[in-house]
Amino acid sequence: MKVSDVGSSLFLVTLGGFMAWQAETLSIGTAHRPGPGFFPFYLGLLLVGVSLIIFFQGLKQQPGDAETGIKRGRVFLALAAIFIYAFIMELAGYLLSTFFLMLLLLRMMARKDWWFAPLISLLISFGSYVLFKVWLQVLLPRGVLGF
């Protein structure tokens, strides 16, 4: 049993259930006329479903070398980067700050070729920009550079 998978999945099942329960207090609506609780409710259910899959896979697997210790430095660096991202987004703009956040997080997580993290960071930044700014027409911070 992988203790980290089992423990984290139980936490996420609880979180997803709480999300769905709280979203149910709002008007969920229908697929054609979604209410304010529509997306939170179904995202909570999706979180529960994915967490249960991780839970049962964690029960089947044997603990590996990665279970022996947590890389606390990486966890704190990731949390600090996300915290700083929220503050510099207004100054640097959505595209630039998102690119550098994704670059840092991908470099920490994925040990791939040198081009992998910048390319994926660029795709994530522009893809999310098109999704939010163009398709959903959300106002995003432009930053001092104007983009």
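Let's see how each residue does on (1) open to solvent by less than 100 Å² (accessible area, probe 1.4 Å); (2) in contact with an Asp or Glu (Cβ under 9 Å, 6 or more places away or on another chain); (3) more than 23 Å from Val144 (Cα to Cα):
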site: Gly73; (1), (2), (3): yes, no, yes
site: Ala81; (1), (2), (3): yes, no, no
site: Phe87; (1), (2), (3): no, no, no
site: Leu96; (1), (2), (3): yes, no, no
site: Met109; (1), (2), (3): no, no, yes
Here's a check for you: in the range 123-144, which residue that is assigned to a helix (DSSP H, G or I) and of a type outside the set (A, V, I, L, M) is least open to solvent (accessible area, probe 1.4 Å)? Ser125
Filter the range 72-122 down to residues that are in contact (Cβ under 8 Å) with a residue 40 or more places away in the chain and part of a helix (DSSP H, G or I), then give me how many there are. 8
How do the pairs read when you match residues in the range 17-40 that are free of Cβ contacts under 8 Å to residues at least 40 places away in the same chain with residues anywhere that are surrounded by 12 or more Cβ atoms within 10 Å (Cβ to Cβ) and of a type in the set (Asp, Glu), using Cβ under 8 Å and keeping only pairs 6 or more apart or on different chains? Gly37/Glu24
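The values are calculated or read from the model by the stated rules, or taken from the named source; none is laboratory data. For clarity, every value in this text was computed on a predicted model and none was experimentally measured. FYI the Cβ positions are ideal-geometry reconstructions off the backbone, even for glycines, and counts take in every protein chain you see. Surface areas here come from the heavy atoms of the whole protein model, side chains and all, with no ligands, DNA or RNA. Shrake-Rupley method; radii C 1.70, N 1.55, O 1.52, S 1.80 Å.
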